[in-house]
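Colleague: Input: one structure, supplied below.
The values are calculated or read from the model by the stated rules, or taken from the named source; none is laboratory data. These numbers were taken from a predicted model, which means no experiment stands behind them. Quick reminder, even Gly has a Cβ in these numbers, built from the backbone with ideal geometry, and neighbours come from all protein chains shown.
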């Protein structure tokens, strides 16, 4: 009997609740109606896009599921991200939706914000812990989506999270012809010297696809007009073959006087420093005080370095790959400059050199002769024996021309079969603790604030290799760009 009474009591209780639930549901619908919404999926998404948090709360009070999806498979969090509705997005995250929730095409809210060009939302989602390394169903990370869709501001937000992807991103930007994206990427350390697996550079890709603005920018920021792919084709050759003669002409123009200069270290430093610290918009660029060349024995004073733990003794030696105490160096810029002049051959006391341009020409020169159209003078021509990797270590005879710039006094040796360079590869390096900058090239030595001695063993387009001389331990300093 007691069991029967309990069942009756429970039934009466729930029957009593029905009017209350019905009344509450009607109240929610009424409140939503007054706010201009109905209790539907379509309006749930509309309220999210409108950043209408009070309306979203009414939906939830009406037992509407926060993780409801639309026909495409997106959630309201994706809709809020695409609309830049931070308040709605924050509300939905607090209701338990994951910040990296997958939606249509396996895209996350971060990807939705990138595609919608919502830069503030991109920044906010990253602060909420959104993973910038995830890929959509087509294999695109958020950075690559930003590049493909031409979102330079989003690229700026994402670049620091994708150091390993910056060069591939630059190659993609060259392919789609987005000069603004190229500018953003190179500011964060993407290298204009990057290459595809088939050997093409960003300049070659942009030229081949007819992107004049991208070509102009790449040349302006240091891309070589004379680099070749494995088949010996330059960017101009690829532009011509693809039916873009105007771009080929832009690339293969006749050399200007500034192209035929062997700059001094001070001039190189000024040029690189000006690139890192450009003048105000609309005003001429004014270089800061020239970054001094890093010389043997020079001290890099660094409060940060001096506060680090003492070095291990050379006898103990640090473990392989263990960072050694060193000034907090940042590689801001890499530079190498190919000359529009190449050595073809040397016969007796006469050298034949090729001058690139719209109409390439070959000229014969001897010691004391100038190179036409420049302040370069021939110092010496000769043939000599050198070891070669291509000849399995056996000495081979090469043609050599030594030139001097009468204005700067700098000299260079140019060799047949090797691109002629204006200077050795150099990096502009910044001590992050002091802001002081140095021009660094392979073979230079310096001392840190703790007295340890270091050797710059290599300077590459995307990194600089530094060795602690006492232990032989090596560290690499990645290219970070002006803003990275």
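Colleague: Among the residues of region 316-355, which ones are under 24 Å from residue 481 (Cα atoms), modelled with pLDDT of 90 or more and in a strand (DSSP E or B)?
Modeller: 330, 331, 332, 333, 334, 335, 338 - these are the residues of region 316-355 that are under 24 Å from residue 481 (Cα atoms), modelled with pLDDT of 90 or more and in a strand (DSSP E or B).
Colleague: Moving on to the next point. List the number of the failed condition for residue 396; all other conditions in (1) in contact (Cβ under 8 Å) with a residue 12 or more places away in the chain; (2) not in a loop (DSSP other than H, G, I, E, B) hold.
Modeller: (1)
Colleague: Kindly indicate the residue of region 63-75 that is crowded, with 16+ Cβ neighbours inside 10 Å and farther than 12 Å from residue 92 by Cα and also farthest from the chain's Cα centre (by Cα) among those meeting that condition.
Modeller: Initially, region 63-75 is screened for residues crowded, with 16+ Cβ neighbours inside 10 Å, giving 64, 66, 69-70, 74-75.
With the extra rule that they be farther than 12 Å from residue 92 by Cα, the set shrinks to 64, 69-70, 74.
Numbers: 64: 44, 69: 36, 70: 36, 74: 31 Å.
If we take residues in region 63-75 being crowded, with 16+ Cβ neighbours inside 10 Å and farther than 12 Å from residue 92 by Cα, then 64 is farthest from the chain's Cα centre (by Cα).
Colleague: Name the single residue, out of those in region 450-469 being part of a loop (DSSP other than H, G, I, E, B) and in contact with a strand residue (DSSP E or B) (Cβ under 7 Å, 6 or more places away or on another chain), that is nearest to residue 156 (Cα to Cα).
Modeller: Applying the filter and picking the extreme gives 462.
Colleague: Looking only at region 356-370, count how many residues are touching a strand residue (DSSP E or B) at 6+ places or on another chain (Cβ under 8 Å), modelled with pLDDT under 95 and surrounded by 14 or more Cβ atoms within 10 Å (Cβ to Cβ).
Modeller: 1
Colleague: Taking the options 466, 477, name whichever one is buried (at least 20 other Cβ atoms within 10 Å of the Cβ) and farther than 30 Å from residue 344 by Cβ. First the steps, then the outcome.
Modeller: Numbers: 477 fails: buried (at least 20 other Cβ atoms within 10 Å of the Cβ).
Unique residue meeting the criteria: 466.
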